[in-house]
Amino acid sequence: MDPIAKQDRRVANIFDAEYRHWTLEDGTPSQGETILQLSEDKPLGVGFHVYRMAPGTTTTPHRHNGDEEFLVLEGELSDHDGAIYRKGDLVWLRDGTVHNSHSKDGALLAVYIPAQEKSVEE
């Protein structure tokens, strides 16, 4: 096998890499949500990425277009219906699920979302 070309590999450490601010649909950067995503061929937050919620962050209610899957790497978060996800929990939410999450003390998640989510009215 040939070596992997430099332009064909990206590596980042999730604990010291630079995260980008999640941008709301109106173009405003979210103050508590940041993303580390190595793929540049998909919009930020689509595909595989690491998602960080700052302490006290509550996400905008949204609907997923495709199944959402995430692994809680650090911290804890809760969904609007009281479900609590802790470090080590692997979570799957069906395509079309509407929810929002809150993290009192902050959380770090490994996430896969196949398509852009859509904000919804509460």
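Students often forget the sequence filter, so: which lysines lie under 19 Å Cα-Cα from Lys118 once same-chain residues fewer than 8 apart are removed?
The qualifying lysines are Lys42.
Rolling a 1.4 Å sphere over the protein heavy atoms, what is the accessible area per residue of the range 1-79, to the nearest Å²?
65
Starting from the residue with the highest accessible area, list Ile35, Ile4 in decreasing order, probe 1.4 Å.
Descending accessible area places them as Ile4, Ile35.
What net charge do the residues around Ser78 carry, taking every other residue with its C-beta under 14 Å from that of Ser78, with Lys and Arg at +1 and Asp and Glu at -1?
Result for the local shell: -2.
Per-residue HN-Hα couplings for the range 87-94, Karplus 6.51 cos²θ - 1.76 cosθ + 1.60 at θ = phi - 60°, whole Hz, x for Gly and Pro?
Couplings: 3, x, 6, 9, 10, 10, 10, 4 Hz.
Counting only residues 5 or more places away or on other chains, whose amide H sits under 5 Å from the amide H of Asp67 once H atoms are built in the peptide plane?
The answer is Asp95.
If you take the C-alpha gyration tensor of the range 30-74, multiply each eigenvalue by 5 and take the square root, what semi-axes do you get, largest first, in whole Å?
Equivalent ellipsoid of the range 30-74: 18, 14, 12 Å, largest first.
Using protein chains only and a probe of 1.4 angstrom, how many square angstrom of Thr59 are accessible, to the nearest 10?
Counting only protein heavy atoms, the figure is 10 Å².
Through the Karplus equation 6.51 cos²θ - 1.76 cosθ + 1.60, θ set to phi - 60°, convert the phi angles of the range 111-120 into ³J(HN,Hα) values in whole Hz; use x for Gly and Pro.
Whole-Hz 3J(HN,Hα) from phi for the range 111-120: 10, 10, 10, x, 8, 4, 7, 10, 5, 9.
Run through every distinct alpha carbon pair of the chain and return the Kirkwood hydrodynamic radius in angstroms, one decimal place.
This gives a value of 15.1 Å.
I'd like the Karplus ³J(HN,Hα) series for the range 35-48: coefficients 6.51, -1.76, 1.60, θ = phi - 60°, whole numbers in Hz, and an x wherever there's a Gly or Pro.
Those phi angles translate into 9, 10, 9, 8, 6, 9, 8, 10, x, 4, x, 10, x, 8 Hz.
Enter the per residue convex hull volume of the range 55-122, computed from alpha-carbon coordinates, in Å³ rounded to the nearest integer.
With only Cα atoms used, the range 55-122 gives 76 Å³ per residue.
Loop-only check: which chymotrypsin sites (Phe, Trp or Tyr not before Pro) in the range 15-52 are DSSP coil with at most 11 other Cβ within 10 angstrom?
Phe15
Ignoring ligands, DNA and RNA, what percent of the 1.4 Å accessible area of the chain is carbon and sulfur?
Of all accessible area on the chain, carbon and sulfur atoms account for 50 percent.
The values are calculated or read from the model by the stated rules, or taken from the named source; none is laboratory data. Here the structure is a predicted model, which means the values were calculated and not measured. Methodologically, a virtual Cβ is constructed for each residue, glycine included, from the backbone with ideal geometry; neighbour enumeration extends over all protein chains shown. Keep in mind that these areas ignore ligands, DNA and RNA; they rest on the heavy atoms of the full protein, side chains included. Shrake-Rupley method; radii C 1.70, N 1.55, O 1.52, S 1.80 Å.
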